[in-house]
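What follows is a short report on a single structure.
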Amino acid sequence: MVNILIIIAISITLLSIAVSMLRFILGPSPVDRVIAFDVMSVSSIALIAFISVVSKRVIYMDVALVYGILGFLGVIVVARYLEKGM
């Protein structure tokens, strides 16, 4: 039962990444693209966490944590850039 739920969660996460990629490609404004990139980052972090659970390796959680911090900082930098219009 747990394996079925993990497979369903991974499928939903991959669907989220696909829809976000579509918005990233078709987004009419840079803000739409930044938000889509942030959603893809969060979904990728969830996917790394699922991989960690499935493979029973805790080291992947560290990778997800670092990726989350870098993704957050990247979105902050791009938002500041778009806000000031440099």
Could you please find all residues in the range 35-65 being surrounded by 12 or more Cβ atoms within 10 Å (Cβ to Cβ) and β-branched (Val, Ile, Thr)?
Ile35, Val39, Val42, Ile45, Ile48, Ile51, Val53, Val54, Val63
Complete set of residues in the range 33-86 that are over 20 Å from Ile8 (Cα atoms), more than 15 Å from the chain's Cα centre (by Cα) and charged (D, E, K, R)
Arg57, Asp62, Arg80, Glu83, Lys84
The residue from Ile6, Ile12 that alone is of a type in the set (Val, Ile, Thr), more than 23 Å from Leu70 (Cβ to Cβ) and touching a residue at least 40 places away in the same chain (Cβ under 8 Å) is Ile6
Inter-residue pairs, beta-carbon under 6 Å, first under 19 Å from Ala64 (Cα atoms) and acidic (Asp, Glu) and in the range 21-48, second at pLDDT below 90 and in a helix (DSSP H, G or I), 6+ apart
Asp38/Val75
Kindly list the number of the only condition in (1) loosely packed, with under 13 Cβ neighbours inside 10 Å; (2) modelled with pLDDT under 95 that fails for Ala18.
(2)
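The values are calculated or read from the model by the stated rules, or taken from the named source; none is laboratory data. Since we're looking at a predicted model, the values are computed, not measured. Note: ideal-geometry Cβ built from the backbone for every residue, glycine included; neighbour counts use all protein chains shown.
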